[in-house]
Amino acid sequence: MLRIGIDLGGTKIAAGLVDEGRNLGASVQEPTRLPRPAKELAEAVFHLAERLLKEQGIAWEQVECVGIGIPGTVNRETDCVEYANNFGFENVPFVKMVKDWFPCPLYAENDAKAAAWGEYLAGAGQGSRSMTAVTLGTGVGGGIILNGTILEGENGAAGELGHMVIRQNGRSCTCGRKGCLEAYASATALVSQAKEAMETSQESLLWSLCGGKMSEVNGRLIFEAAAQKDETACRVLERFTEDLSDGAANIINILQPEVLCIGGGLSGAGEALLAPLKRKTAPKVYSRASKKNTRILLARLGNGAGIIGAACLNEQVEKAAVKK
Ligand SMILES: [Zn+2]
């Protein structure tokens, strides 16, 4: 049987087919068009899934279930989205609204947790017992998987790894606190730190790489400049990986997962990100003398992780149900 995974983002909605081997097949997407009322958004999600099936000539009878990743706090007991900043949702029964449209079982989860679940089942965490994922994007997302189950916490909000404070009275974070990991180690934070550094380094290669337009600076350009030994870019990345390693070591010290998976747009930098991160994290880990230590790996599924993880949420629910 096929499953449908839906990745509901702030800018686009993507839906894809996932087979029994957890492989991603055909997918479709469309703009999210925010701001939008919850009911209308729920309907749009259904129509996108239906378009996917129509285009592939597949009937609903061939679909086992649908999963959806939502950028907010999803309470699976109440089918409510308790908080979703991008959508302006506060205690909206959005999951219920989506469920009402679909003729098959539907599972919902926070998008970062869904993507972590995808990497755990079919990507970097495949075969491991426990995995923690950190996603470096607009913010810093997280997902904690322990013994085959996503850690939800009492209210579904567990795993907000981006909001651990790494510097007291540090940079302001979107959550209202100061000094969160997200304010230092997200892609957004990397870019803004590079821009600040450019202000005082007119000779930086970053200026020519962005064509003199600071608004064009992005994570890829920063890694490119560093690869060409640009002093400014190297200094910014040095600080960035140091901050990220504080977060990584904190996570490892608390959870000791088998795998720490680094995902999100910045993971595209590959070894240029991974090597310094591993080097800086190792001496900060409490268990450094242990023969068994967390493996830090790059995410493998890219943007597909969210769709695959959402489609495979039924595997998690079933496992959880078996335990009870
Ligand atoms: Zn925060």
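The values are calculated or read from the model by the stated rules, or taken from the named source; none is laboratory data. Everything quoted here is computed from the prediction, not taken from an experiment. Cβ: placed from backbone, ideal geometry, glycine included. Neighbour counts: every protein chain shown. Only protein heavy atoms, including side chains, enter the accessible area calculation; ligands, DNA and RNA are left aside. Shrake-Rupley method; radii C 1.70, N 1.55, O 1.52, S 1.80 Å.
Please list, ordered by first then second residue, the pairs with beta carbon atoms under 6 Å, 6 or more apart or interchain, first in the stretch 1-12 and farther than 18 Å from Val95 by Cβ, second part of a strand (DSSP E or B).
Close Cβ pairs (under 6 Å, with a partner that is part of a strand (DSSP E or B)) amount to Met1/Glu64; Leu2/Leu17; Leu2/Val63; Lys12/Gln29; Lys12/Pro31.
Any idea which residue in the stretch 145-156 is nearest to Glu315 (Cα to Cα), counting only those that are open to solvent by less than 10 Å² (accessible area, probe 1.4 Å) and not in a loop (DSSP other than H, G, I, E, B)?
By that ranking, first place goes to Ile150.
Looking at the stretch 90-126, which of its residues are within 13 Å of Val74 (Cβ to Cβ), in contact (Cβ under 8 Å) with a residue 60 or more places away in the chain and of a type in the set (A, V, I, L, M)?
Result: Ala108, Ala114.
If only one of Leu297, Leu255, Leu260, Leu274 is surrounded by 15 or more Cβ atoms within 10 Å (Cβ to Cβ) and under 27 Å from Ala197 (Cβ atoms), which one is it?
Going through Leu297, Leu255, Leu260, Leu274 in turn, the sole match is Leu274.
Evaluate the following for Val259: is it β-branched (Val, Ile, Thr), within 15 Å of the ligand (Cβ to nearest atom) and at pLDDT 95 or above?
Taking the combined requirement at face value, the residue does not satisfy it.
Could you tell me how many of the residues in the stretch 183-212 are among the β-branched types (Val, Ile, Thr) and part of a helix (DSSP H, G or I)?
If we filter the stretch 183-212 for residues that are among the β-branched types (Val, Ile, Thr), which is where we start, we get 188, 191, 200.
If we keep only those that are part of a helix (DSSP H, G or I) too, we end up with 188, 191.
Total meeting the criteria: 2.
Failed condition for Arg36, given (1) farther than 26 Å from Glu154 by Cβ; (2) in contact with a Cys (Cβ under 9 Å, 6 or more places away or on another chain), with all others met?
Just one mismatch for Arg36, condition (2).
In this structure, is Arg36 without any contact (Cβ under 8 Å) to a residue 60 or more places away in the chain and closer than 29 Å to Cys175 by Cβ?
Working: without any contact (Cβ under 8 Å) to a residue 60 or more places away in the chain: yes; closer than 29 Å to Cys175 by Cβ: yes.
Yes: the conditions hold for Arg36.
Need pairs with beta-carbon distance below 6 Å; first residue on the phi < 0 side of the Ramachandran plot and within the stretch 141-158, second among the basic types (Lys, Arg) and surrounded by 15 or more Cβ atoms within 10 Å (Cβ to Cβ); sequence gap 6+ or separate chains.
Gly143/Lys113; Ile150/Lys113
Which of the residues belonging to the stretch 287-301 are assigned to a strand (DSSP E or B) and either at positive phi or aliphatic (A, V, I, L, M) (or both)?
Ile296, Leu297, Leu298
Is it fair to say Leu190 is within 16 Å of Ala248 (Cβ to Cβ) and either buried (at least 20 other Cβ atoms within 10 Å of the Cβ) or near the ligand (Cβ under 9 Å from one of its atoms) (or both)?
Working: within 16 Å of Ala248 (Cβ to Cβ): yes; either buried (at least 20 other Cβ atoms within 10 Å of the Cβ) or near the ligand (Cβ under 9 Å from one of its atoms) (or both): yes.
Yes; evaluated as a whole, the condition is true for this residue.
Is it true that some residue in the stretch 162-169 is closer than 20 Å to Lys278 by Cα and among the aliphatic types (A, V, I, L, M)?
Among the residues of the stretch 162-169, at least one is closer than 20 Å to Lys278 by Cα and among the aliphatic types (A, V, I, L, M), which makes the answer yes.
Quick check on my filter: what residues within the stretch 228-245 are in contact with a Leu (Cβ under 8 Å, 6 or more places away or on another chain) and open to solvent by 50 Å² or more (accessible area, probe 1.4 Å)?
Gln228
Do you know which of the residues in the stretch 145-160 that are within 16 Å of the ligand (Cβ to nearest atom) and of a type in the set (Gly, Ala, Ser) is modelled with the lowest pLDDT?
Per the criteria, the residue is Ala157.
Taking the stretch 54-89 only, how many residues are closer than 26 Å to Asp19 by Cα and part of a strand (DSSP E or B)?
Counting residues in the stretch 54-89 that are closer than 26 Å to Asp19 by Cα and part of a strand (DSSP E or B) gives 9.
Looking only at the stretch 123-144, count how many residues are away from the ligand (no atom under 16 Å from the Cβ) and in a loop (DSSP other than H, G, I, E, B).
Looking only at that region, the number is 8.
Go through the stretch 161-187 and report how many residues are at pLDDT 95 or above, open to solvent by 70 Å² or more (accessible area, probe 1.4 Å) and either out of contact with any Gly (no Cβ under 6 Å at 6 or more places or on another chain) or within 12 Å of the ligand (Cβ to nearest atom) (or both).
Result for the stretch 161-187: 6.
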